[in-house]
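Some notes on the structure that comes next.
Just so it is clear, none of the values below were taken in a lab; they were calculated from the coordinates. Predicted model only: the values in this text are computed from it and were never measured. Note that we place each Cβ from the backbone using ideal geometry, even for glycine, and neighbour counts take in every protein chain shown.
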Amino acid sequence: MWVWVAEAAGGWRAWSWFVRRTGGCRTLDLCKVKTADLAGDTLTLTAEVTKTREARTVPLPAEIVAELRRLAGPEWLWERSVEESKLHRPTRRKRAATRYYPSTWRWTVQNLFREFTRGRPGKSWLRPHDLRARTITLAATATKYVDATAQTMGVDPQTARHYLDAGKVFDRTDILKKVAGLLLPQ
C-alpha cells in the first residue's frame, strides 16, 4: 500500500502525508484539524472535531512535525490540499473548489482509497478506516492489554476490541500453554 501511496501521490504532498499521519484517527476528525492544533511535538484533536467529543493528543516524531508545518495552511492543517487537488485531480466542473472544507477533503481521501481498491481486483477492500484498525492492533501489540490500548487510543474498550486483530497481537498457543501449566496441581 505504501508504494501505491507514493505513486498515487506523484508529488501530492498533502495526500501522501495525510495517509501516513492517520495514526488511528477517524478520517473526518483528522480532516477537521486546524493548523493551531499542531504544537510542539503533538497534534491535538480538540473536542469540537472528534466524534466522541473528547480531546485527544497524538505525539509525533520531529520529522513528521516539520513536514506537517511545511504543508499546513493558514487556518486548516490540510488547507493546501485544495490547490494540490487542482494539480493532481483536475475536475471537469466549471467551478473548482477555492476554499477548504473538511468534508470535501474526507471524500477525496475516501475516493482515492476506492480507486486503489479497484486497481486490485480480487483483493480485499482497503478503506481509510482500516488504517485505524492497523494502528489499534499495533498499539495492542505494544501494550498487550485491550484496556490499555483503548486508553492510549482515546477510545472505549469495546471500540478497541472491534478494531483489534487479536490473532496478530496474542499468541493463542503460548497463552494456552501458560494456562495449561496453571491447571496442574501445585
Item checked: Where only alpha carbons of the chain are counted, the Rg and the Dmax (Å) -> 19.4, 79
Checklist line | Net charge of neighbours whose Cβ lies under 15 Å from the Cβ of Leu164, counting Lys and Arg as +1 and Asp and Glu as -1 | finding: +1
Margin query: Can you compute the FRET efficiency between Arg70 and Ala166 using 1/(1 + (r/R0)^6), with r the Cβ-Cβ distance and R0 = 41 Å? Round to the nearest 0.05.
Written below: 0.60
Check: If you take the beta carbon distance between Leu138 and Glu83 as r and set R0 to 25 Å, what does 1/(1 + (r/R0)^6) give as a FRET efficiency, to the nearest 0.05?
Finding: 0.15
Next item on the list: For the stretch 129-183, give the magnitude of the charge dipole about the Cα centre (Cβ charges: +1 Lys/Arg, -1 Asp/Glu; no others), in debye to the nearest 20.
Entry: 140
Margin query: Run lengths n ≥ 4 of DSSP H only: what is the helix-derived mean residue ellipticity at 222 nm for the chain, with -39500 (n - 2.57) per run over all residues, to the nearest 500?
Written below: -16000 deg cm²/dmol
Notebook entry, point to check: Given a Förster distance of 30 angstrom, what is the FRET efficiency for Glu63 paired with Asn111, based on the Cβ-Cβ distance and rounded to 0.05?
Noted result: 0.60
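When you have a sec, figure out the Kirkwood radius of the stretch 129-183 from all distinct Cα pair distances and drop it here in Å to one decimal? Can you show the working numbers first?
On the way: mean 1/r = 0.0863 Å⁻¹.
Computed over the stretch 129-183, the radius equals 11.6 Å.
What is the diffusion coefficient of the stretch 41-106 in µm²/s, taking the Kirkwood radius over Cα pairs and the Stokes-Einstein relation at 37 °C with a viscosity of 0.692 mPa s? Can you show the working numbers first?
Values: Rh = 13.7 Å.
Calculated translational D: 239 µm²/s.
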